[in-house]
1. From the list GLY203, GLY122, pick out the single residue that is modelled with pLDDT under 90 and within 19 Å of the chain's Cα centre (by Cα).
2. Please give the number of the condition LEU134 fails out of (1) among the aliphatic types (A, V, I, L, M); (2) surrounded by 21 or more Cβ atoms within 10 Å (Cβ to Cβ); (3) modelled with pLDDT of 95 or more.
3. Can you find a residue in region 74-88 that is assigned to a loop (DSSP other than H, G, I, E, B), in contact with a Lys or Arg (Cβ under 9 Å, 6 or more places away or on another chain) and modelled with pLDDT under 90?
4. Report, by residue number, each residue of region 148-165 that is outside any strand (DSSP E or B), at pLDDT below 95 and among the polar types (S, T, N, Q).
5. Across region 174-200, which residue is modelled with the lowest pLDDT among those that are open to solvent by 50 Å² or more (accessible area, probe 1.4 Å) and in a loop (DSSP other than H, G, I, E, B)?
6. Report, by residue number, each residue of region 38-53 that is in a loop (DSSP other than H, G, I, E, B) and in contact (Cβ under 8 Å) with a residue 12 or more places away in the chain.
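The values are calculated or read from the model by the stated rules, or taken from the named source; none is laboratory data. Keep in mind it's a predicted model, so treat the numbers as computed, not measured. Counting neighbours? That spans all protein chains shown, and the Cβs are built from the backbone with ideal geometry, glycine included. We work out accessible area using only protein heavy atoms, side chains counted, and drop any ligands, DNA or RNA first. Shrake-Rupley method; radii C 1.70, N 1.55, O 1.52, S 1.80 Å.
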Amino acid sequence: PQNIPLTPVTNTTLLVNGTNAGVYDSSVMNNYETVGDAKIDTTVVKFAGTNSVKFDGNGDYLVTPPSMTYAYLWTGNLTVECWVYFSSVANAPHIWSIGESNTARCTLYVLGNVLKFYTVVGAGDNRITSSTTLATGQWYHVAITKSNGVFTLWLNGVSQGTSNTTVFPSGLAETVAIGFQNYGGQSGDYFNGYISDFRITQGIARYTTNFTP
């Protein structure tokens with residue numbers, strides 16, 4: 001037998017070396033694909049002794065396989081949160097997006113140096129825009145909660161506004177993308193910076209009043 005680690009060769013369909021699993025789901029519920037050269041970084045971190053995921057704004061992102069179902073994201077309470085560090089806020093960088101088409105999706109992104117949360121269902125859409133101008137070179141805690149059909153956008157623990165989402169559909173199978181927009185055959189607006197501690201909580205709106213992250 002070969003006495004060095006195996007490598008992919010012609011017709012290889014699965015290879016588990018047990019190494020380099022730097023970006024993984026600690027809840028052991030999902031498999032994420034790293035695209036481009038999205039990778040672990042130890043130089044720009046939010047918490048000492050930990051890592052972040054580095055995105056260079058040029059084709060880097062994380063994405064779930066199309067076969068994974070996230071229909072629960074459209075129903076019940078919800079929290080999506082993470083720490084973000086911008087290397088650039090140009091070109092409408094997307095922090096994350098969830099959706100299956102241009103008429104059934106939601107996304108958190110930056111436009112005009114402010115944070116925006118956008119949901120669209122059919123001909124209707126809802127938007128929340130932060131009142132804080134974002135800068136490069138510092139960490140921000142960003143969160144979206146959904147409580148009783150109402151979304152709230154949080155930036156560093158301060159509510160930036162709400163949006164009624166009672167018209168949201170149910171029963172859809174969505175792709176969850178971190179670091180770019182991915183819905184309806186569209187792609188782009190790649191995140192340029194670092195993301196740490198990305199967490200989705202089903203069934204719980206973790207924040208209902210202003211808080212200290």
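1. Criteria check complete, one pass: GLY203.
2. Evaluating LEU134 over (1) among the aliphatic types (A, V, I, L, M); (2) surrounded by 21 or more Cβ atoms within 10 Å (Cβ to Cβ); (3) modelled with pLDDT of 95 or more leaves (2) as the failure.
3. yes
4. ASN148, THR165 - these are the residues of region 148-165 that are outside any strand (DSSP E or B), at pLDDT below 95 and among the polar types (S, T, N, Q).
5. Only one residue fits best here, namely GLY185.
6. ALA38, VAL44, VAL45, LYS46, PHE47, THR50, ASN51
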